[in-house]
Amino acid sequence: MKYIRTEDAAGHVLCHDITRIIPGVEKGPVFKKGHIVTEEDIPVLLSVGKESLYVWEKQPGMLHEDEAAAILKDICMGSSDMMSYSEPSEGKITVSAARDGLLKIKRDRLNAVNALGEMMIATIHGDFPVKKGDRVAGTRIIPLVIEESRMHQAREAAGDETILSILPFRHMKTGIVTTGNEVAAGRIEDAFGPVLRKKLSEYDTEVIGQKILPDDRAGITAAITDFVKKGADMVLVSGGMSVDPDDRTPGAIKDTGAEVVTYGAPVLPGAMLMLAYIKHDGKEIPIVGLPGCVMYAGRTVFDLVLPRLIAGDRISADDISMYGEGGLCLNCRTCHFPNCGFGK
């Protein structure tokens, strides 16, 4: 620290808060620690009795907290037009979504930066949809000043790509195949279709058709294949997903020749999920076998995978297994999803 006359303080960084007291009106910091003094600030400082100040003496190899925070912001988002950011204040910068999309986080890189100490990046959970204006991350430098070499370490820990990215949602043409002898025969009304259409309506989707079929393996396979040939970007197959011998949907999905990622997920509701990808015209088209819980439960495994599929985020078997922690829905009386622990 350096002790200087207030008249000479322009361009220097305050090392402590400057408090202003107006009886009955105001009591609080007029300038906070880390503030860079301007010429316009000097009369204000003099008016609160500050004839001299303790300021940070800039030294080679040291960065002010706001300069360092800008580096963390760059590590988070780079020059992406999918995100925006606030001006630095006390070593803090907030990163927000500039467009709707799916937030992706390189978790290992995030952990590597935070493990360095004296700096932090806090985010919301990844693999969830965000809307324009939503805050997605906040950065902070802990001390007032930090060695420039520490920020070089942060860049190296983060790697060449940004820690955060937002995948835009795509327009998706979707085919629905509903199975069940009782539904096909008209003995009960289809309840799956309305639920799926409602969930799809939250995104830019187009349902190109729905086929209601009995539990016939060959017929279900043919219906899936037909939707793929008609240009579906995703096929949802509802019903017949249990291990009951009469449930033919898993076998029918396999018979399409699709690559099966998983049959089963560590999620309740939704353990009997099936996810596969079929190749057609140079594209990978997801086929999703949906268990009966999707029809009646408020939030299920389908709510976890749907935004990722619409964003074109390829889901692996490892991704599915990671849902185990947080995969138990607590069926809260008032549902706050996605602002809860389900799937996180």
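Of note:
- Residues that are part of a strand (DSSP E or B), under 12 Å from the mean Cα position of the chain (by Cα) and either more than 24 Å from TYR203 (Cα to Cα) or among the basic types (Lys, Arg) (or both), drawn from the stretch 104-124: LYS104
- Here the condition is being in a loop (DSSP other than H, G, I, E, B), open to solvent by less than 50 Å² (accessible area, probe 1.4 Å) and either more than 27 Å from HIS35 (Cα to Cα) or charged (D, E, K, R) (or both); of ASP81, ASP127, it holds for ASP127 alone.
- First in the stretch 272-298 and over 11 Å from VAL261 (Cβ atoms) and in contact (Cβ under 8 Å) with a residue 40 or more places away in the chain, second anywhere and of a type in the set (Gly, Ala, Ser) and open to solvent by 20 Å² or more (accessible area, probe 1.4 Å), Cβ under 8 Å, 6 or more apart: ILE278/GLY257; PRO291/SER242; PRO291/ALA271; GLY292/SER242; MET295/ALA191; TYR296/ALA191
- For the stretch 139-171, a tally of residues being over 29 Å from LYS33 (Cβ atoms), hydroxyl-bearing (Ser, Thr, Tyr) and not in a strand (DSSP E or B) returns 1.
- Beta carbons closer than 9 Å, at least 6 apart along the sequence or on distinct chains, pair a first residue in the stretch 177-192 that is on the phi > 0 side of the Ramachandran plot with a second that is of a type outside the set (Gly, Ala, Ser) and surrounded by 18 or more Cβ atoms within 10 Å (Cβ to Cβ) for GLY180/ASP190; GLY180/PHE192; GLY180/ILE212; GLY180/LEU213; GLY180/ASP215.
- Of all residues in the stretch 327-342, those satisfying the criterion of being over 15 Å from the mean Cα position of the chain (by Cα) and either of a type in the set (Asp, Glu) or part of a loop (DSSP other than H, G, I, E, B) (or both) are GLY327, CYS329, LEU330, ASN331, CYS332, ARG333, THR334, CYS335, HIS336.
- Being touching a residue at least 12 places away in the same chain (Cβ under 8 Å), open to solvent by 40 Å² or more (accessible area, probe 1.4 Å) and among the aromatic types (Phe, Trp, Tyr) is a property that PHE169 has.
- Subset of the stretch 42-71 [among the charged types (D, E, K, R), more than 24 Å from THR162 (Cα to Cα) and either without any contact (Cβ under 8 Å) to a residue 24 or more places away in the chain or touching a Lys or Arg at 6+ places or on another chain (Cβ under 8 Å) (or both)]: GLU51, GLU57
The values are calculated or read from the model by the stated rules, or taken from the named source; none is laboratory data. The structure displayed is predicted, hence computed values, not measured ones. No Cβ is skipped: glycine too gets one built from the backbone with ideal geometry, and neighbour counts run over all protein chains shown. For accessibility, only protein heavy atoms count, side chains too; no ligands or nucleic acids. Shrake-Rupley method; radii C 1.70, N 1.55, O 1.52, S 1.80 Å.
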